[in-house]
1. Can you tell me which residue among Val55, Val62 is within 16 Å of the ligand (Cβ to nearest atom) and within 16 Å of Glu132 (Cα to Cα)?
2. So which residues in region 70-85 are touching a residue at least 12 places away in the same chain (Cβ under 8 Å) and either small (Gly, Ala, Ser) or more than 9 Å from the ligand (Cβ to nearest atom) (or both), if there are any at all?
3. Among the candidates Ala220, Ala211, Ala233, single out the residue that is open to solvent by 70 Å² or more (accessible area, probe 1.4 Å), out of contact with any Gly (no Cβ under 7 Å at 6 or more places or on another chain) and without any contact (Cβ under 8 Å) to a residue 40 or more places away in the chain.
4. Please specify each residue of region 315-330 satisfying the condition of being open to solvent by 50 Å² or more (accessible area, probe 1.4 Å) and either under 18 Å from Tyr108 (Cβ atoms) or of a type in the set (D, E, K, R) (or both).
5. With a cut-off of at least 2 residues that are open to solvent by less than 60 Å² (accessible area, probe 1.4 Å) and more than 26 Å from Val270 (Cα to Cα), name the strands (runs of 3 or more DSSP E) lying wholly within region 34-146.
6. Quick one: is Gly258 crowded, with 22+ Cβ neighbours inside 10 Å and within 11 Å of the ligand (Cβ to nearest atom)?
7. Could you tell me which of the residues Arg204, Arg159, Arg174, Arg195 is surrounded by fewer than 21 Cβ atoms within 10 Å (Cβ to Cβ), closer than 20 Å to Leu217 by Cβ and in contact (Cβ under 8 Å) with a residue 24 or more places away in the chain?
8. From Glu253, Glu297, which residue is under 28 Å from Lys64 (Cα atoms) and away from the ligand (no atom under 16 Å from the Cβ)?
Amino acid sequence: MSTFQAPKGTYDLTPPRSATFLAVREAIAAPLRDSGYGYIETPGFENVELFARGVGESTDIVTKEMYTLTTKGGDQLALRPEGTASVLRAALEANLHKAGNLPVKLWYSGSYYRYERPQAGRYRHFSQVGAEAIGTEDPVLDAELIILADQAYRSLGLRQFRILLNSLGDKECRPVYREALQTFLRDLDLDEETRRRIEINPLRVLDDKRADVQKQLTDAPKLRDYLCDACKAYHEEVRALLTAAGVVYEDDEKLVRGLDYYTRTTFEFVHDGLGSQSAVGGGGRYDGLSEMIGGPELPSVGWALGVDRTVLALEAEGIELDLPYATSVYAVPLGEEARRVLFGVVTGLRRAGIAADFAFGGRGLKGAMKSANRSGARYALVAGERDLAEGVVQLKDMESGEQSAVPLTEVAAELAKRLG
Ligand code: HAM
């Protein structure tokens with residue numbers, strides 16, 4: 001070990017577990033790419049004000065969890081705590097919404113940073129794959145995104161997840177509800193911090209995990225009873241579309257989410273094998289966010305799935321992904337001459353698109369074959385001086401143990417045939 005360790009709340013992805021992370025990212029991205037979402041990448045940091053305005057001044061993310069810094073030039077930046085505000089900022093900056101093709105459908109994958117109290121499943125550096133559909137108000141779009149996330153999780157083999165669904169209303173009906181809720185909450189027996197929260201963000205109080213608080217909330221006014229007709233109809237349509245697609249969800253009127261930009265549809269994917277950090281993904285509609293960051297009216301919807309927690313969910317369900325062999329062929333040279341010749345063969349195989357690796361460092365047969373085993377390669381190529389004199393290499397099937405001599409000039413063709 002060196003003098004240094006990964007910072008608190010972070011961890012390194014190393015082989016072989018790192019292969020599962022890549023496969024999870026790919027499994028989430030694949031259905032998006034197939035559904036017209038284009039890839040977008042934005043910087044790891046942004047002007048701090050973007051998140052303050054976008055995510056919300058009163059959220060834990062902005063008040064407690066942002067990594068902020070002042071540059072030598074005096075700019076106030078923050079490491080991105082989430083992707084939605086950045087992606088919308090970038091789409092507006094590139095005028096993607098003016099290209100005449102709404103919604104602008106984008107997907108992304110990257111690192112996010114929150115200064116949270118670390119625990120199992122909660123890290124200060126984590127990874128998300130996300131999707132945003134910008135500029136269209138259409139319940140089919142909300143349904144599409146939920147269906148695609150469901151499809152991604154199912155393609156990984158996950159079964160013990162549930163979809164929680166809610167509507168948070170819009171700028172017409174939510175303020176009315178907010179006031180009714182505040183009036184109710186002000187009469188409860190709550191601590192100072194929670195009292196402050198009532199004034200800034202009363203919906204978050206509903207999300208309080210403490211039993212004594214939850215007990216007092218039983219008779220709290222329900223947002224459902226305050227939704228305007230347009231929001232109700234919209235929500236019913238999303239629900240009907242999900243049902244028609246065979247996607248099972250649970251109505252959860254307590255689902256408020258930790259970011260302020262949501263309107264109407266909100267949802268969370270929770271996994272029952274993860275303990276307290278059970279949300280493997282979440283998202284919703286954010287019809288007002290564009291205007292909040294100085295853009296035009298662009299009703300939008302999106303989600304982000306946590307890669308770290310999805311991997312934990314796979315582990316909780318005991319799912320081992322069927323990962324392709326990293327290398328198909330492993331070459332084991334015996335002696336100087338064989339080193340040169342086999343390295344030439346390996347280079348040729350790689351150029352022909354066959355994944356191949358090589359026993360470096362001039363090790364003996366036993367050690368090199370151990371490495372060949374560990375590499376997971378389907379075939380080993382072994383050659384010593386006598387083989388070279390005869391112009392052949394030994395091709396060993398690592399599964400059956402069968403071995404045969406193949407002329408050097410035919411190795412590539414033979415492997416291509418066998419590997420299909
Ligand atoms: P979020 O719910 O804050 O939403 O994060 C989405 C997912 O990221 C969570 O469900 C969780 O799996 C993962 N995650 C969040 N924080 C951590 C952490 N500290 N450690 C490990 N995993 C974590 C958003 O970020 C929104 N931008 C989603 C969205 C996109 N809404 C609309 N579009």
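The values are calculated or read from the model by the stated rules, or taken from the named source; none is laboratory data. On a predicted model such as this, the values are computed, not experimentally measured, just so you know. Virtual Cβ from ideal backbone geometry, glycine too; neighbours counted across all protein chains shown. All accessible areas refer to the heavy atoms of the entire protein, side chains included, with ligands and DNA or RNA removed. Shrake-Rupley method; radii C 1.70, N 1.55, O 1.52, S 1.80 Å.
1. On the way: Val62 fails: within 16 Å of Glu132 (Cα to Cα).
Within the list Val55, Val62, the selection yields Val55.
2. Of region 70-85, the ones touching a residue at least 12 places away in the same chain (Cβ under 8 Å) are 75-85.
Of everything in region 70-85, those that are touching a residue at least 12 places away in the same chain (Cβ under 8 Å) and either small (Gly, Ala, Ser) or more than 9 Å from the ligand (Cβ to nearest atom) (or both) turn out to be Asp75, Gln76, Leu77, Ala78, Leu79, Arg80, Gly83, Ala85.
3. On the way: Ala220 fails: open to solvent by 70 Å² or more (accessible area, probe 1.4 Å); Ala233 fails: open to solvent by 70 Å² or more (accessible area, probe 1.4 Å).
Matching residue, one of Ala220, Ala211, Ala233: Ala211.
4. Hits for region 315-330 are Glu315, Glu320, Asp322.
5. Numbers: elements: 45-47, 68-70, 76-79, 104-113, 125-134.
Filter on region 34-146 gives 76-79.
6. Numbers: crowded, with 22+ Cβ neighbours inside 10 Å: no; within 11 Å of the ligand (Cβ to nearest atom): yes.
In short, no.
7. Values: Arg159 fails: closer than 20 Å to Leu217 by Cβ; Arg174 fails: surrounded by fewer than 21 Cβ atoms within 10 Å (Cβ to Cβ); Arg195 fails: in contact (Cβ under 8 Å) with a residue 24 or more places away in the chain.
Only one candidate passes the filter, namely Arg204.
8. Values: Glu297 fails: under 28 Å from Lys64 (Cα atoms).
Being under 28 Å from Lys64 (Cα atoms) and away from the ligand (no atom under 16 Å from the Cβ) holds for just one of Glu253, Glu297, which is Glu253.
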